[in-house]
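Peer 1: Below: one structure in structure tokens.
The values are calculated or read from the model by the stated rules, or taken from the named source; none is laboratory data. Bear in mind that the values here come from a model prediction, so they are computed numbers and not experimental data. Cβ sites come from the backbone with ideal geometry, for glycine too, and all protein chains shown count toward neighbours. Note: accessible area is taken over every heavy atom of the protein model, side chains too, but ligands, DNA and RNA are not part of it. Shrake-Rupley method; radii C 1.70, N 1.55, O 1.52, S 1.80 Å.
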Amino acid sequence: MATPAIEIDLYSDTKTRPSRAMRQAIFEAEVGDEQAFEDPTVTMLTRRTADLLGQEDAVFLPSGTMANEIAVLAHCVPGDELIAHETSHLLNFEGGAPAALAGVMVKPLTGPVGTFEPDALRKAIRAKNKLFPTSKMVVIEQTTNIGGGALWDFEQMKAVVTAARENSLKLHLDGARLMNAVVSTGLSPRDYGSLFDTVFVDFTKGLGAPLGAILAGSTELIRRAWYFKQRLGGAMRQAGMMAAGCLYALDHNVNRLADDHRNAQRLAEGLGAISGITVEKPWTNMVFADVGGLGLTGAEVAGQLAQRGIRVSVVGPTRIRAVTHLDVDSEGIEKVIAAAGGLKASK
Ligand SMILES: *Cc1c(COP(=O)(O)O)cnc(C)c1O
């Protein structure tokens with residue numbers, strides 16, 4: 001049987017496509033030479049996001065990965081050590097860039113759902129001694145990616161920040177999905193952003209833009225960041241086309257993330273009501289389900305759903321993940337629940 005086209009793509013919130021209205025904003029963007037600071041739309045975006053995140057300045061980048069890596073380069077020198085959760089994007093999905101590009105060692109921490117305790121950080125920080133690498137920087141993800149879209153408790157986050165400050169560590173917030181946290185907790189982007197030396201926010205996840213990330217920090221830090229942006233080939237020309245999509249996302253796609261969270265709750269509830277499927281309560285927009293009780297593997301479930309035009313990801317032998325986003329509405333979610341109700345063990 002030929003696999004039908006994917007109609008409902010819950011593989012990731014990176015699968016969003018720019019809406020017609022966003023494309024219109026992109027079409028109409030005023031542009032100039034970005035690397036000469038002559039692009040008015042990029043300037044509008046960097047000013048607005050710096051302010052939104054409680055920072056002095058910001059730089060527009062083609063990807064979140066580049067934002068994270070420029071933060072590492074700007075804060076550290078070769079031989080320094082970076083501390084982050086063992087599941088963090090920075091340590092797992094950036095091609096070894098802290099080592100390859102910055103010459104930085106990494107110390108992974110453990111803890112539930114992508115978070116860690118201030119004491120775990122304190123224990124990881126090395127004494128100042130010429131034998132040891134210098135503990136230089138700590139990275140927090142909010143929401144956590146492999147942690148399952150989980151939210152850091154704000155008090156715990158502040159306690160980690162305090163422990164880092166007491167030890168003169170630089171603090172970087174990987175806020176690829178910071179706006180999901182903002183919508184979910186009611187805290188402002190500034191409440192989070194102003195705690196850190198640098199903050200990255202991605203526009204290509206639930207915010208639905210085709211391209212773009214922002215790295216915000218002090219004027220001095222962003223000046224340094226520009227050297228690395230140039231060096232890595234991230235300096236652009238008429239990038240206002242893409243910044244326009246990001247500005248559109250800030251205006252129209254932030255508050256609606258609450259719909260994605262509601263859809264995730266509904267999906268979890270619907271899947272959880274099917275005998276043989278065990279669902280974890282979603283934190284934000286990611287739903288994890290164990291399908292072992294159906295007598296099927298995760299891959300078999302994904303295969304059967306694909307036959308119904310639905311894509312999910314397989315994250316363990318019997319574990320699947322579904323991520324809600326602006327291209328899947330509540331009707332789509334009901335279709336997924338109905339399709340899951342028809343899953344059949346082959347034996
Ligand atoms: C997606 C993601 C990134 C990287 O962003 P890209 O724009 O895909 O390069 C970094 N950190 C986290 C937590 C992410 O989810």
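Peer 1: Could you please state, rounded to a whole Å, how far the C-alpha centre of the range 72-96 is from the C-alpha centre of the range 122-194?
Peer 2: Spelled out, the Cα-based centre of one part sits 13 Å from the other.
Peer 1: Which whole-number value in Å² is the accessible area per residue of the range 74-117, probe 1.4 Å?
Peer 2: 41 Å²
Peer 1: When DSSP beta bridges are limited to those with both residues in the chain, what percentage is antiparallel, rounded to the nearest 5?
Peer 2: Working: 20 of 40 bridges.
Rounded to the nearest five, the antiparallel share is 50 percent.
Peer 1: Now, a different point. Just to confirm the filter: which trypsin sites (Lys or Arg not before Pro) across the range 119-162 are DSSP coil and have at most 16 other Cβ within 10 angstrom of their Cβ?
Peer 2: ARG126, LYS128, LYS130
Peer 1: Work out, step by step, the length gained on full extension between GLU117 and GLU269: first 0.36 nm times the residue separation, then minus their alpha carbon distance; give nm to one decimal.
Peer 2: Between GLU117 and GLU269, full extension yields an extra 51.7 nm.
Peer 1: Sorted by accessible area (1.4 Å probe), largest first, how do MET286, MET105 line up?
Peer 2: The most accessible residue leads, giving MET105, MET286.
Peer 1: Show which aspartates and glutamates lie in cross-link reach of LYS344 when reach means a straight Cα distance below 13 angstrom and same-chain residues fewer than eight apart are skipped.
Peer 2: Reachable aspartates and glutamates: GLU300.
Peer 1: For the range 294-345, what class follows from the C-alpha gyration tensor (a ≥ b ≥ c being the square roots of its eigenvalues): rounded when a/c is under 1.5, otherwise prolate if a/b is larger than b/c, else oblate?
Peer 2: Oblate.
Peer 1: GLU331 to ASN255: extension gain in nm, 0.36 nm per residue of separation minus the Cα-Cα distance?
Peer 2: Length gained between GLU331 and ASN255: 25.4 nm.
Peer 1: How large is the helix-only mean residue ellipticity at 222 nm for the chain, computed as the sum of -39500 (n - 2.57) over DSSP H runs with n ≥ 4, divided by its residue count, in deg cm²/dmol to the nearest 500? Walk me through the intermediate numbers first.
Peer 2: On the way: 14 runs with 140 residues, N = 347.
Mean residue ellipticity at 222 nm (helix-derived): -12000 deg cm²/dmol.
Peer 1: Further question on the same structure: Rank these residues by their accessible area, most exposed first, probe 1.4 Å: MET241, MET66, MET137.
Peer 2: MET241, MET66, MET137
Peer 1: Another question about this same structure. Tell me, in nm to one decimal, what length is gained between SER188 and SER313 on full extension, where the rule is 0.36 nm per residue of separation less the Cα-Cα distance?
Peer 2: My answer for the length gained is 41.9 nm.
Peer 1: So, one more: What area, in nm² and to one decimal, does the C-alpha convex hull of the chain cast on average over all directions?
Peer 2: Computing the convex hull of the Cα atoms and averaging its projections yields 18.4 nm².
Peer 1: Let me ask something additional. Taking all pairs of different Cα atoms in the range 183-303, averaging 1/r and flipping that mean, what Kirkwood radius in angstroms comes out?
Peer 2: Averaging 1/r across every pair of different Cα atoms and inverting gives 17.6 Å.
Peer 1: Then there's this: Got a number for carbon plus sulfur as a percent of the range 239-347's accessible area, 1.4 Å probe?
Peer 2: 54 percent
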